[in-house]
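Note sheet for the following structure.
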Amino acid sequence: MAAGMGSKHHLAKLTEEIVEDARVWYYDETVDITVAEIAEHYGVHECTMSKALRGESWKHVRQAEGAQGRTKYVGETRDGTSSLQTRSG
């Protein structure tokens, strides 16, 4: 890992372990939990956690087992339509 990347960055709010655990928790179909609930549990903003869960940030942390290609319902948009996230390989 490059210096200043991930938990080594001086402004990091998460760690590699937290991101990995959160991804496992989030993509587990037997657990009914939202991004907001996970974010609150770890004391970070929902947007921060959402980006980490989707792999938009923390790309160097391996994706949760079985999460590739999975679609997860994440709520409704402002216009009332469903919002889906898809994570592909």
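The values are calculated or read from the model by the stated rules, or taken from the named source; none is laboratory data. Since we're looking at a predicted model, the values are computed, not measured. So basically every Cβ, Gly included, is an ideal-geometry build from the backbone, and we count neighbours across all protein chains shown.
Quick notes on this structure:
- Check on SER83, at negative phi and modelled with pLDDT under 90: yes
- Top-ranked residue of the range 10-30 - restricted to ones that are of a type in the set (D, E, K, R) and in contact with a Ser or Thr (Cβ under 9 Å, 6 or more places away or on another chain), ranked as surrounded by the fewest Cβ atoms within 10 Å (Cβ to Cβ): GLU17
- Looking across the range 1-42, just one residue is in contact with a His (Cβ under 7 Å, 6 or more places away or on another chain) and farther than 20 Å from ARG62 by Cβ, and that is ALA39.
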